[in-house]
Structures are given as structure tokens and as C-alpha cells.
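The values are calculated or read from the model by the stated rules, or taken from the named source; none is laboratory data. For clarity, every value in this text was computed on a predicted model and none was experimentally measured. Cβ: placed from backbone, ideal geometry, glycine included. Neighbour counts: every protein chain shown.
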Amino acid sequence: MNTNNYNFPRTATLLVLGFLCSQALWAHFGSRGPFGGSVSVAISNDSTVYLGTFNGGVYESTNSRLVAWRAIPVGLRSGKITALTHNGTNLFAGTADGGVYIFNGLVGTDRHWNQINNGLANLKVKSLLALDANTLLLGTEGGGLYKTTDKGANWTLVNNAGLSNQTVTALLKVGTKVVAATLDAGLFVSSDNGSTWTAFNDANTLNVAGTIALAYNATSDELAVINAKGLLVLGSASTVATPAFALVAGVPANTTLRSVSTSGSNWYLATDQGAYVLAANTWTKAGTGLSTNDVTVVLPFRTSLLAGTRKEGIFTAPASALNWTVRNTNFNNLETYAIEASGVTVVVTATERGVFVSRDLAASYVRANKGLTDSLNVTYLRFLGSKLYASTKNGGVFVSADTGKTWITLNIGLTNLNIKKLYASSKDIFLIDAGNGLYQYQSNTWVAIQNGLPANAVPTSLAFYGDKILLGTLGQGVFSKTETGTSWTAANNGLSNLNVTSVATQGSKLFVGTDGSGVFVADLDAATWTQAAPVSISHTVLMGRDGSKIQDLGVYYGYVFASYQGGLLATSDYGKTWIAGGNQFNLPSYTNVHKVSFVTTRVFVSTEFNCPYSNALSELPAVATGVNDLNEALNASIRIFPNPSKGQFAVELQGFKAKIEGLRIYDQQGKLLQDITKVNEFQNINTAGNLPAGVYFVHVRTNEGLGVKKLIIQ
């Protein structure tokens, strides 16, 4: 196992996520990019490299060239990884706020983390070290040092010699000894596997602040330390009784040192000004090809080096050449703010690096920020017809008529440019701003539509049915009005929890998601709400997630979906029963799922720190008779003409022998608008007056399967 400790303090903006496993993608939720993110800690064990992230959990690569990664987030209650260690059999992870975990859980063939905090009075882990198969040491933030002799089943404080209440930033084997670094009190050494400790300092380390990292070169028997004075090295580290640390000269000036490592031949530094290597007693910039100087860790691995960065992800280079190559495949650790999927293949994602658009079902992405001046702070995305809208924290609302290629502002009438959410009816766009203002875009201006709401109302969500709007609020329940109406009316009869997080409508029913009471259902008149069956599945119960805290509702293909932290449920019988909205393994257990969105064949969910995850809708029973029977040859033969049209068109098959049995027209949110079953109507379909201008999808059912075509009404 690699003996370097690469953990360092969390002093900058924390970043993000995940994994696309092609073999498991169709059976489980899988990450759909875009890839990139930030690395907080890195270790290797035998042929595997493990990475921790600031918010997005743990990744591994078993490929010797480290060209692709796999996320292992299931079971973690926190994705804030501060330390990793391996005992030769099991991987352990320390977190900033959730204690320590062991990766030994198993459900069928799916593996997951188990929390092992018994005896820990402080769950802010800063460092971990496996001494043997059963013995581990754990350093905390302000709580000193703990030891276990049973692989974490029980932890015991081992504070003496001034270790009490210290922040233990690094733990390292040095020969037969163990060295512990503390943030402000210097170093300590133990000769009995961490049961007792003595100070291990000289004037360069005793009570010197900022001691954050250690590394040991077994070949030269040297111990390297980073503290506020810089980089220090101790010779004869495994045997010396009275240490004398020497300050290493030539360390690049005006840099923040983050971690130190060694290959046995060279020392490496990770800094905010790039990666450096010590060769011939001179520090030099470690190669070319890094797209950022913001380097967090450098890990020697076999004949290569790995560099972890902030936001730009992972790079590798041959140790002999140091020409860096980006290695972000399946490293989906970008902080993600919004997602919107549409039609058959379009997926739009807003991240800490801006907005990305995919037109091939999230197989690849392109940046889409031209004119989007606040692109790093997008809060919500929404399609209305062929137009894509984006809300931001600082720039208000933007609109794109070409799916993100170019953007223009849409702020006339707004007094607050910090926008939280966007919603769309069949004809208008609506927003909720950071001051809890509610607006509708009419006649080229934003118009406030607060009338009738309590002064302290906190709007959270909107849903549309017929000519009416349902509004959810946090603490005041739900309200309704017609889309052209002038005042809201409360509709809370039977709604025992007024903390409404999301609302939706399907068929003849309305749905409300709450923070703590699950889902409620009512008829379209919203006269009385009835609590639906509990929202939970065995997987998320096992992971300790609470299905009563609903974060978003989505409607598609006869199902209502309900998301909560680490999970997604679906109901096709108006909340009487719930099933898993696809196999939940791979979906991070610590992530909030703030948005549920759909393309024709897949459900997408947003995760805060691990980018979008997706699963095939064909896993849901009722969908298997439709989407799963998509016939590509049939699909290619379908002709809709004229298209675009004013609402009157015909459908025919060209060169394909099949019988059309029915047509269904859906909007971009998957809502069924029209079901046509009479054969004589297929050649003369008239939606004029029923469907406003926009983009729709026609599902053509035949005796040979299903086809789906885009329909544009002008």
C-alpha cells in the first residue's frame, strides 16, 4: 500500500462527482457526465488507485493506466472525503462530518459502504491509517486520536502526551514507528501501534501552525513534513530519537503547499501554482499539459504520476516524461446546479464550469455559454416549446432559441436578478426569485403574480392542469388559481404538512410532495388532500435515507416520480403503491435529488455533486410494453407531413410493412395530450386550437413495435 498521506485542509471552494459503467448502466442508475471535478485525497493499494473528493464521494480505477474511473458512493451518508486507507482487504474512508466507513457491504452483487462510528465522540475525520488487517488509527478535527483493533467495530481514544483535543491532520508508518501530525502542536511518535505517544519535534515543528501533510521515503529513510515554515525533511527518520528537521531550500515562492509525496527516487509537491518535482536538489515545474495550476495531490503509481486538481479533475503522466494527459472518463465530480432533458436525446446540465448541452442522450457534451454572462451560477433550466430558459444567481433570466448555442437576457420587469426556479405551462414561463417573488412572463415583460398569497409565503414549485395553476409553498401549503386569474386561493384541506417542496399533476389527480410527510393526492378541484402510501424502498432504508422528505416530483408515461435524498420512487396508481424508479444502486446515498427530468426512453435525476444520473424507463413495468419495444427500423420509416405544421398533419409508414394501431401526442414533459385510436384519423390529424405552438412527440404504435417522432406546431 502506498504510504503517503495526501489529505490537506479544506480552505477553498468545495467541489464535486461520479461514474459511467457501461456494463451496469442499463441495469442500474449510471452517471451521464459531463466529467471533471476535484480531488481531495489519493492512495494506492496494489493495482488499484482510490480517490476521495471534497463533496462527491470515492472513486477507484483498476486500470494500470488510470484511463477510467468508477464511483463507489452507495452507503456514504457524507460525500466529503477527507482520508482514505486500505488494510489489504478493505477500503476505509473518513469524512468531514459523517465519521468513518468501511467498504464491505453486499446486496446481491452490489457493494456498499457501512458506517463504523461506535465509540467515536468526534465525527470530523482528518486522517486514517491501517496498521494491519484489524488495527487502524483515526485522527479528528479538534478531538484527538482514536484506535480500533477490530476493523472499526469499536473505537477508543488514545490521547496522551499532549494529543488531547488536537486536530490530527496526518498519520504515517515510518519503519516500525507511527508518526502523527497535528495542526498546531507539531509531531508525535508511537512505538506500540498508537497506544502511547511521545513528542517528536525540534524548533522547526514544535507548536508550529499549519502542519498538514507527511510523506515517508523508505529508500532514503527520510520523513517530509509540510507546515507554516514550508517543507521540512528529517533524515534517519525510523531510528532517530532526537529529531532535527531541515528546511528544504528552493521551494517555489508565493505558493501554498498542499501535499507532499515520494516515488522513492523523487519528491513531489502539490501546490496552488502547479506540481513540482525535486531533481538534482532543484525544484522544477512537473511537466506540461495541466489545464490548471490548482493541484491538490500528486500520487506516484508504478511508473506514472497522478495529479488531482480543483475543478479540472485528474491527469496522469509517465514519471520519466511528465507530459500530462487528462483522465476524467467517468469521474463525474462537478458541482451540478440544474438539469433539463427533452425529447429523444437532448440533455442540458448546468455545473460549476458552466452549461453543457448533449444532443446524443448524454454520450457527449459541448459547452453552451455564449451570451450567458452568469454561466457559472445557473440555478434552473426549463424548456418551453423549442426555447430553453436559464435562471441565474446574478444575471436574472436568459433564453436560447437554439438549445444553448447563443443566449440573450430576458429581464424586463424584474427587480431581483437572483432567480431560484423556472416553470413552464403550455404557453408561458414562470419564475420564483430569491426574495420569494413570483412572476409570469406576459407581453414581453415579467409581471408579479403574488396577489392573494400571505406576505411571508415561500413559493417552492408550480404545476399546470387545464387552465389552472397549483402553487406549493414552504410553510403555507398549496394555493391555486387560473392562469389568467388575478388572485390565489388556499387549498389545504386535509394537508397535514404545509411544508410543500414540490407539486405535480397527472390525469385526474394532483400531487404534493412534502418535507417530512411524503406525498399527498387530491382530485383536480383540490378540495381534500389524502396522504399517499409511504415512499420508501429497501435499498434506501438500508442506507438510512428518509423517503418522507420529498425533494421533487416528476410525471412521465403514466407514472408519478418522487425523489428524496439518495432515492427515486414511482407510482402508477395515484400513490397507493410505490416501486423503485429503477435500480437505485450507484445513485449516491448522500446526494439531494432536486430535479427529475425525462427523455423518451430514460429518466434523469440531478445530483448536487455527482452530475446527472440516469436509468432506462424500460425498467418500470408499464413502460416495458412501450418504450422497450422501440423499433429502430420502424422509427426510420415514419413520416409526419407537413412538419412543421399549423396543427393539421398526417402520419404514414414508408417502406415498412406494419399496421398503425394508434397514435399518442406528448408534450416535452411527457404529459399525454391526445390519444388517437381510429384508423381513419391517422391521415387527417387536426390539433389546431388544442395545442399551442411548440415541440411535441408523436408515439406511433404498430403491430411491429413503437416509433417516436418529433412534431413541431407553429
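Brief remarks follow.
- Within the stretch 495-547, considering residues that are modelled with pLDDT under 95 and among the hydroxyl-bearing types (Ser, Thr, Tyr), the one nearest to residue 98 (Cα to Cα): 540
- Residue among 178, 125, 174 that alone is touching a residue at least 40 places away in the same chain (Cβ under 8 Å), of a type outside the set (Ser, Thr, Tyr) and closer than 18 Å to residue 99 by Cβ: 125
Residues are listed down the side, and each one gets a yes or a no for (1) modelled with pLDDT of 85 or more; (2) over 38 Å from the mean Cα position of the chain (by Cα); (3) within 17 Å of residue 582 (Cβ to Cβ):
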residue	(1), (2), (3)
616	yes, no, yes
621	no, no, yes
634	no, no, no
637	yes, yes, no
640	yes, yes, no
647	yes, yes, no
652	yes, yes, no
655	no, yes, no
667	no, no, no
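- The stretch 439-455, subset among the polar types (S, T, N, Q) and not in a loop (DSSP other than H, G, I, E, B), residue nearest to residue 489 (Cα to Cα): 440
- Some residue of the stretch 394-412 being more than 25 Å from residue 693 (Cα to Cα) and polar (S, T, N, Q): yes
- Total residues in the stretch 212-269 satisfying the condition of being of a type in the set (Lys, Arg) and either part of a loop (DSSP other than H, G, I, E, B) or free of Cβ contacts under 8 Å to residues at least 24 places away in the same chain (or both): the figure is 1.
- Count of the stretch 98-116 residues which are surrounded by fewer than 18 Cβ atoms within 10 Å (Cβ to Cβ) and in contact with a strand residue (DSSP E or B) (Cβ under 8 Å, 6 or more places away or on another chain): 5
- Given (1) surrounded by fewer than 19 Cβ atoms within 10 Å (Cβ to Cβ); (2) at pLDDT 95 or above, number of the condition residue 457 does not satisfy: (1)
- Note on the stretch 444-467: residues that are without any contact (Cβ under 8 Å) to a residue 24 or more places away in the chain and either within 23 Å of residue 667 (Cα to Cα) or touching a Cys at 6+ places or on another chain (Cβ under 6 Å) (or both) amount to 1.
- Total residues in the stretch 415-438 satisfying the condition of being closer than 21 Å to residue 692 by Cα, part of a strand (DSSP E or B) and of a type outside the set (A, V, I, L, M, F, W, C): the figure is 1.
- Among the residues making up the stretch 601-621, those that are outside any strand (DSSP E or B) and either assigned by TED's automatic domain parsing to the domain that holds residue 75 or crowded, with 23+ Cβ neighbours inside 10 Å (or both) are 606, 607, 609, 610, 611, 612, 617, 620.
- Those residues of the stretch 384-409 which are farther than 23 Å from residue 359 by Cβ and part of a loop (DSSP other than H, G, I, E, B), in sequence order: 393, 394, 395, 396
- Pairs meeting the criteria (first residue in the stretch 156-170 and closer than 17 Å to residue 227 by Cβ, second residue loosely packed, with under 15 Cβ neighbours inside 10 Å, beta carbons under 8 Å, at least 6 apart or on different chains) are 166/142; 166/184; 167/142; 167/184.
- Tally of residues being surrounded by 22 or more Cβ atoms within 10 Å (Cβ to Cβ) and part of a loop (DSSP other than H, G, I, E, B) across the stretch 586-598: 8
- Entry remark, the stretch 556-611: residues being at pLDDT 90 or above, under 15 Å from residue 519 (Cβ atoms) and in contact with a helix residue (DSSP H, G or I) (Cβ under 7 Å, 6 or more places away or on another chain) number 1 in total.
- Selected residue [in contact (Cβ under 8 Å) with a residue 12 or more places away in the chain and under 22 Å from the mean Cα position of the chain (by Cα)] from 316, 345, 288: 345
- Of all the residues in the stretch 156-175, those that are in contact with a Leu (Cβ under 9 Å, 6 or more places away or on another chain) and either assigned to a strand (DSSP E or B) or of a type in the set (Gly, Ala, Ser) (or both) number 9.
- Test for residue 581: is it within 20 Å of residue 340 (Cα to Cα) and either over 27 Å from the mean Cα position of the chain (by Cα) or surrounded by fewer than 23 Cβ atoms within 10 Å (Cβ to Cβ) (or both): no
- Complete set of residues in the stretch 141-155 that are buried (at least 16 other Cβ atoms within 10 Å of the Cβ) and either in a loop (DSSP other than H, G, I, E, B) or not assigned by TED's automatic domain parsing to the domain that holds residue 45 (or both): 141, 143, 144, 149, 151, 152, 155
- Within the stretch 669-692, the residues that satisfy the criterion of being farther than 14 Å from residue 557 by Cα, of a type outside the set (S, T, N, Q) and at pLDDT below 80 are 678, 679, 681, 682, 688, 689.
- Residue within the stretch 405-414 that is within 29 Å of residue 474 (Cα to Cα) and surrounded by 23 or more Cβ atoms within 10 Å (Cβ to Cβ) present: no
- Cβ pairs under 8 Å, 6+ apart, first in the stretch 674-688 and within 22 Å of residue 507 (Cβ to Cβ) and in a loop (DSSP other than H, G, I, E, B), second at pLDDT 75 or above and among the polar types (S, T, N, Q): 687/648; 687/674
- Any chance residue 479 is touching a Gly at 6+ places or on another chain (Cβ under 9 Å) and either surrounded by 15 or more Cβ atoms within 10 Å (Cβ to Cβ) or of a type in the set (Val, Ile, Thr) (or both): yes
- If you go through the stretch 231-285 and keep only what is more than 42 Å from the chain's Cα centre (by Cα) and surrounded by fewer than 20 Cβ atoms within 10 Å (Cβ to Cβ), you end up with 235, 236, 238, 239, 240, 241, 242, 244, 246, 280, 281.
- Residues of the stretch 498-527 satisfying the condition of being more than 28 Å from the chain's Cα centre (by Cα), farther than 17 Å from residue 558 by Cα and surrounded by 19 or more Cβ atoms within 10 Å (Cβ to Cβ): 526
- Hey, residue 378 more than 18 Å from the chain's Cα centre (by Cα), hydrophobic (A, V, I, L, M, F, W, C) and under 24 Å from residue 599 (Cα atoms) or not: no
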